[in-house]
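Chemist: Got a structure for you, questions after.
The values are calculated or read from the model by the stated rules, or taken from the named source; none is laboratory data. Just so it is clear, the model here is predicted, and its values are computed rather than measured. Cβ: placed from backbone, ideal geometry, glycine included. Neighbour counts: every protein chain shown.
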C-alpha cells in the first residue's frame, strides 16, 4: 500500500454524510446467506446487487454512508422515476450538494432484501468507477456481515446471541454510536496509536487513544490535523508540501497532506500502516474537527477474516 501511495496522487475516500428520514423497510428471508465479493485495486469491497429485480449490478459496500446510492448511469439504465419534489443533501469528504431522490421497490443481495428503499442518484463521474451503486448502513441494519478474505465470501446473518456465539473465540473490538448524532448512525470505536522513542538510552513507548470511524468506503486510513498534532507531529503544517487528489463520492479536493508509517492497536492487534494526514471538512458536521479523529479504512483487512455486528455494534477479528 505504501508503495502505491508514493507513486500515485489519486486516492479513494468516500464517506457520505446524508440528511434524510429513513423509511421503514421490510427485511425478508432472515436466514444466513453467502455471497461472493470482489475487491477493487484499492481494496474496496464490491458485491453483486439486484435493484427492482434487475441485475446483478456491482455495488460498493460503504459503512461511511447512511443511505444507498445509484450512479446516474445505472439510474438511466433502470429507467427508475425520480421524485423531482424531493432531494437528498449529501455531504461527501470533498464537498456537499443536493441530489435527486429515487424510490426503489427493493434492493437485494443474496437472499437478503429490503423494500421499499429511497436512494440518492449521483452525477456521472469523470473517471469510470468499478461499481454502479453504494450499499450503505441502512442495508446492514440489524445484521452481522462476515467477510472471509481468503475465499472472497461475504456471509450475512441476523444479529442474535446464536450468531454472535460463532465469533466467541475471535478478538472482539467494542464499538459504539454517538447518541447525539441521530442523523449519523455511524460506527465509532477507539484505536490506540503507539509512538516509540529513545531518550538517554531509555526506550519510551507512548500510547494515545484516538476515536475512529469504521469506513469500508475508504481505501486509505486518514487522520485529521488535530490528531496529527496530538500525536506529536507539531511541524506537520510546515512539512505538508505534497498535493494529493482525494476522489470522493461527492466531488474532488486537493489538500496538502503527508503519509505516516504509524503503529496502531485495534482489537488487541497491532498494525504498522501508512496513514494520510489530511483535513476532512465533513468532520465539522459530526463535531470531530478539533479533536483527534481518523477513518479506519478497508485496507486494514487485506488477508484477515473479520465480522461486523451492526446491531451491537462490535467488530470481530479472526484469531488466525
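Chemist: All but one of (1) in contact with a helix residue (DSSP H, G or I) (Cβ under 7 Å, 6 or more places away or on another chain); (2) at pLDDT below 90 hold for residue 118; which doesn't?
Modeler: (1)
Chemist: Counting only residues that are within 17 Å of residue 216 (Cα to Cα), surrounded by fewer than 18 Cβ atoms within 10 Å (Cβ to Cβ) and at pLDDT 80 or above, how many does the range 266-298 have?
Modeler: Total meeting the criteria: 0.
Chemist: Would a scan of the range 164-173 turn up a residue that is surrounded by 14 or more Cβ atoms within 10 Å (Cβ to Cβ), part of a loop (DSSP other than H, G, I, E, B) and on the phi < 0 side of the Ramachandran plot? Lay out the reasoning, then the answer.
Modeler: From the range 164-173, those surrounded by 14 or more Cβ atoms within 10 Å (Cβ to Cβ) are 164, 166-167, 170-173; that's our starting set.
Applying the additional criterion that residues be part of a loop (DSSP other than H, G, I, E, B) yields 170.
Pick out the ones that are also on the phi < 0 side of the Ramachandran plot and you get 170.
Among the residues of the range 164-173, at least one is surrounded by 14 or more Cβ atoms within 10 Å (Cβ to Cβ), part of a loop (DSSP other than H, G, I, E, B) and on the phi < 0 side of the Ramachandran plot, which makes the answer yes.
Chemist: What pairs come up if the first residue lies in the range 307-320 and is without any contact (Cβ under 8 Å) to a residue 40 or more places away in the chain, the second is surrounded by fewer than 23 Cβ atoms within 10 Å (Cβ to Cβ), and their beta carbons are under 8 Å apart, counting only those six or more places apart or on different chains?
Modeler: From the range 307-320, the pairs are 320/305.
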